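K.L.:
Sharing a structure below in structure tokens format, with a few things to ask.
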Amino acid sequence: MAQEAARLLVRFGRRYAAVVRLVTLVPICAIALFRSAPENLALTAVVVAVAAVWTCGYAWWLGRGRGNMPVVLDVLALLGLSACVGWTDAIEDTNTGWLRLLVVFMCVTCQWHTPVLVGAAAALAAGGGTVLAVAMAGANASVIRGLLWAPAAAALSRVAWTLLRRAAHRADLAADEAARARHQSLMAAAVRAEEREFANALHDTAATTLLMVGIGQVRSDAGWLAAQARRDIDRLGSDSSPPRPYADVVGLLRAGLDAVPLPVEFDAPEELLLPYGVARAIADATGEALTNVRRHADTARATIRLHGDSRALRLDIADRGKGFSPAQVPATRYGLRESVRGRMTRIGGTATITSAAGAGTLVRLEWRAADG
């Protein structure tokens, strides 16, 4: 998804800022109470309680809310707490360390969830206002110098956060580029698959019919030739139509038998529904095997036997023709390589050809569902 890394980083920044504010709240409150003089403990406890309640509410907003108005309220709350140093005699008790930590963590974490100008303004207002409050209360130079680190820490925090944002942006660009490359690869693969299937269909239909006529295996005035030509044209035209989810492979096989002028003994269930692509591939591979029987086996009959169900099946195409040696078939021969083995491989099945000279041929097609 576009800008996913940047979006996740923003969410992380808000949540992490809330966690830091809450985790540091406990030691900050403990420091304030333990360093307070006994006579100032009650007033200091009231101020610490206000700081704790506000910090918890602000952390809740970081996890749930939106907008920048609570940031303004956060600055005002810190300035109010800073003004209490005179009321609780924190200067006399040298008990300003907790306030310094509270301001520093506010300035640092604010940079993780605000725009640059808002974060800078908040850090300057909180840091500068706190310095002014303690200076007016009579704090010495060392206390003031400690508070001046808050804007500097905020600046360093903003630089680190900006570097993270840039890294997230680069990650998003890389992810978008990878997604585009995957999309282009899938599109190219789909185009190649469509071209391959059309080439297979052309080889199995019109090209084979014309070749048999051209080399004299079939007479040009054969009675079945015109009907076969019409089926070839219909098949090539139907490949562009959207496929159905499921198809009866038995029905497709029976329809394919009409395309081969060869007596075939057919043994199969009445119906067997399979995913359309699987059923189509099995029927087409069977049709090519029968065409090879018609062209090369020098026999008058073939047998087809289908066993199995919608999870796994085996289909045998056998003949008692003259046979051949599968090992001697050139790799350039398209029929067995693409129209039979290639089709079965692409649906996750297998095609095994068993034959020998004078012993006939058995083509066995096997398929099993991927999760079976």
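The values are calculated or read from the model by the stated rules, or taken from the named source; none is laboratory data. Note that the coordinates shown come from a computational prediction; the quantities given were computed from them, not determined experimentally. Counting neighbours? That spans all protein chains shown, and the Cβs are built from the backbone with ideal geometry, glycine included. SASA here: full protein model, heavy atoms, side chains in, ligands and nucleic acids out. Shrake-Rupley method; radii C 1.70, N 1.55, O 1.52, S 1.80 Å.
K.L.:
So if we plug the beta-carbon distance of PHE12 and GLU92 into 1/(1 + (r/R0)^6) with R0 = 30 Å, what FRET efficiency do we get, rounded to 0.05?
P.N.:
0.10
K.L.:
Determine Rg/Rh for segment 38-119; Rg is computed over alpha-carbon atoms and Rh is the Kirkwood hydrodynamic estimate from the same atoms.
P.N.:
Ratio of gyration radius to Kirkwood radius: 1.02.
K.L.:
How many percent of the accessible area of segment 138-180 is carbon or sulfur, using a 1.4 Å probe?
P.N.:
Carbon and sulfur atoms account for 69 percent of the accessible area of segment 138-180.
K.L.:
Let me ask something additional. Suppose the chain between LYS322 and ALA49 were pulled fully straight at 0.36 nm per residue; how much longer would it get relative to their current alpha carbon spacing?
P.N.:
88.4 nm
K.L.:
Would you mind computing Rg(Cα) / (2.2 N^0.38 Å) for segment 269-372, counting N as its residues? All intermediate terms of the calculation are to be shown ahead of the outcome.
P.N.:
On the way: Rg = 13.6 Å, N = 104, 2.2 N^0.38 = 12.8 Å.
Here the answer is 1.06, to two decimals.
K.L.:
Any idea how far the Cα center of segment 97-123 sits from the one of segment 264-338, in Å?
P.N.:
That distance is 75 Å.
K.L.:
Mind computing the radius of gyration and Dmax over the alpha-carbon atoms of segment 1-138? Å is fine for both.
P.N.:
Here Rg and the maximum Cα pair distance are 15.8, 60 Å.
K.L.:
Right, something else. Which order, highest average first, do 63-76, 301-314 follow once you tally other Cβ atoms within 10 Å for each residue and take the mean per peptide? Working shown, then result.
P.N.:
Working: 63-76: 14.3, 301-314: 16.4.
Highest-to-lowest ranking by the protection proxy: 301-314, 63-76.
K.L.:
What percent does the relative contact order of segment 1-81 come to when contacts are Cα pairs within less than 8 Å and at least six residues apart?
P.N.:
Working: 35 pairs, mean separation 29.7, N = 81.
Normalised by residue count, the contact order of segment 1-81 is 37 percent.
K.L.:
Same structure, new question: Say R0 is 56 Å: what FRET efficiency, to the nearest 0.05, do LEU164 and ASP298 get from their beta-carbon distance?
P.N.:
After rounding to 0.05, the efficiency reads 0.15.
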